[in-house]
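Trainee: For reference, the structure I am asking about is given below.
What follows draws every value from the coordinates through simple rules; no lab data is involved. All values derive from a computational prediction rather than experimental measurement. Using ideal geometry, Cβ is built from the backbone for each residue, glycine included, and neighbour counts are taken over all protein chains shown.
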Amino acid sequence: MNKITNIKRYHIAKVYRRDNPSLTKGRFREFYQCDFDIAGQYDPMMPDAECVKMVAEILSALELGDYVIKVNHRQLLDGMFQVSGVPEVKFRTICSSVDKLDKSPWAEVRAEMIDEKGLDPDVADRIGELVKHSGSLELVKALEGDPTLMKNKRFSAGLADMKLLLRYCELYGVLNKVLFDLSLARGLDYYTGVIFEAVLHDLPPARSSPDNEPGGIGSIAGGGRYDELVGLFDPKNRKVPCVGVSVGIERIFAIIESKLNVSGA
């Protein structure tokens, strides 16, 4: 568009959330966010790895504590659903259930799939067996050895992307901060490829928590590939490959404030 074929951009600005805010969890209705996006044709997985590398550099520089950047791929999820027997019309709604696994136990997520979304219990159990796996390049190797999964075109294509991404992360020196997690889903429908999410370990307790419970800030950065979104705004419907990541500035402030409260500063 506008004769621009490749672009890398960032900005820090206000954004707005339509769902219910939670001040103790750093979820505000109006908040500041830093976005970084890469659009256009580049070598496969290079922009995706660059986004992961940048998140690692930011979180390391801020010294907020130990963190991990979880990565997965939408085609891996769709392939797992297809192999497990999920009807294609239910892919997105089941994906939204899997997205809750970072906050809810599998038993609750399984019950939602079966009782609320009408999924066959055996299908739900097959999904549960797959999404429990996480690791790094060794997980890629293990999955490559599964003939049932590798026969699925979506899964095999997604795994090839993930293998390349992890290799680039290794070259960038950030592989030790990356976790290939098959339960990572991110609920937004526009993601088409790699998805990622950064979370902190050992968060300080929330200021308002009577039981001294962890702050529950959740992810402090997240994003992924959205190759089909920008083209919706192009009058000629041209496809524009894009990948991006957002860093939650307000959440970072909430974490720093909690740490200062704990230390008595």
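Trainee: Give me the distance in nm between label points sitting 7 Å out from Cα along the Cα-to-Cβ direction at residue 234 and residue 188, one decimal.
Mentor: So the label points at residue 234 and residue 188 sit 1.9 nm apart.
Trainee: Further, regarding this structure: For residue 221, what charge total do you get from the other residues with a beta carbon under 10 Å from its beta carbon, if Lys and Arg give +1 and Asp and Glu give -1? List each step's numbers first, then the result.
Mentor: Working: positive: 251; negative: 197.
Once positives and negatives cancel, what remains is 0.
Trainee: Calculate the FRET efficiency for residue 7 and residue 57 from the Cβ-Cβ distance with a Förster distance of 30 Å, rounded to the nearest 0.05. Numbers along the way, then the final one.
Mentor: Values: r = 21 Å, r/R0 = 0.69.
It comes out at approximately 0.90.
Trainee: Another question, then. Identify all lysines with a Cα-Cα distance to residue 117 below 24 Å; exclude those on the same chain that are fewer than 8 residues away in sequence.
Mentor: Here the lysines satisfying the reach criterion relative to residue 117 are 90, 100, 103, 132.
Trainee: Residue 103 to residue 32: extension gain in nm, 0.36 nm per residue of separation minus the Cα-Cα distance? Could you put the intermediate results ahead of the total?
Mentor: Details: separation 71, 0.36 × 71 = 25.56 nm, distance 2.38 nm.
Stretched fully, the residue 103-residue 32 segment lengthens by 23.2 nm.
Trainee: With each pseudo-label sitting 7 Å past Cα toward Cβ, what's the residue 172-residue 114 distance in nm, one decimal?
Mentor: Between residue 172 and residue 114, the label points sit 4.0 nm apart.
Trainee: Using alpha-carbon pairs under 8 Å, 6+ residues apart, how would you state the relative contact order of the chain in percent? Don't jump to the answer; show the numbers that get you there.
Mentor: Values: 450 pairs, mean separation 76.0, N = 265.
RCO, the chain: 29 percent.
Trainee: Quick one: of the DSSP bridges fully inside the chain, what percent are antiparallel, nearest 5? It would help to have the intermediate numbers written out before the result.
Mentor: Numbers: 38 of 41 bridges.
The answer is about 95 percent antiparallel.
Trainee: For residue 239, which lysines qualify as cross-link partners when the Cα separation must be under 25 Å and same-chain residues fewer than eight apart are set aside?
Mentor: Within reach: 3, 8, 153, 163.
Trainee: Might you report the magnitude of the Cβ-based charge dipole of segment 105-195 about its Cα centre, with Lys and Arg at +1 and Asp and Glu at -1, to the nearest 20 debye?
Mentor: Numbers: 12 positive and 15 negative charges, 101 e Å.
The dipole magnitude comes to about 480 debye.
Trainee: So, one more: Kindly point out which whole DSSP H helices in the chain project their C-alpha atoms 20 angstrom or further along the helix axis while averaging a Kyte-Doolittle hydropathy of -0.5 or above.
Mentor: Working: long enough: 46-62 (24 Å, 0.91); 153-172 (29 Å, 0.11); 249-263 (21 Å, 0.67).
Answer set is 46-62, 153-172, 249-263.
Trainee: Treat every Asp and Glu Cβ in segment 1-150 as -1 and every Lys and Arg Cβ as +1, leave all other atoms uncharged, and give the resulting dipole magnitude about the Cα centre to the nearest 20 debye.
Mentor: Here the size comes out at about 720 debye.
Trainee: Could you size up the charge dipole of the chain around its Cα centre, putting +1 on the beta carbon of Lys and Arg and -1 on that of Asp and Glu, and report it in debye to the nearest 20? The partial results should precede the final answer.
Mentor: Working: 35 positive and 38 negative charges, 166 e Å.
With only Lys, Arg, Asp and Glu charged at Cβ, the dipole is about 800 debye.
Trainee: Would you pull out the residues with amide H under 5 Å of residue 179's amide H, same chain only if 5 or more places away, H placed 1.01 Å from N?
Mentor: Placed amide hydrogens put 69, 70, 71 under 5 Å from residue 179.
Trainee: Report the one residue of 77, 40, 64 whose Cα lies farthest in the direction of the positive end of the charge dipole of segment 33-79 (charges on C-beta: Lys and Arg +1, Asp and Glu -1; origin at the Cα centre).
Mentor: 77
Trainee: Below 23 Å, Cα to Cα, which lysines can residue 14 reach? Residues fewer than 8 away in the same chain don't count.
Mentor: 25
Trainee: Related question: For segment 78-179, what relative contact order do you get, as a whole percent, if you take Cα pairs closer than 8 Å and at least 6 residues apart? The partial results should precede the final answer.
Mentor: Working: 64 pairs, mean separation 30.6, N = 102.
Averaging sequence separation for qualifying contacts and normalising by length gives 30 percent for segment 78-179.
Trainee: Using 7 Å Cα-to-Cβ label points, what is the residue 42/residue 141 separation (nm, one decimal)?
Mentor: That separation, rounded to one decimal, is 2.9 nm.
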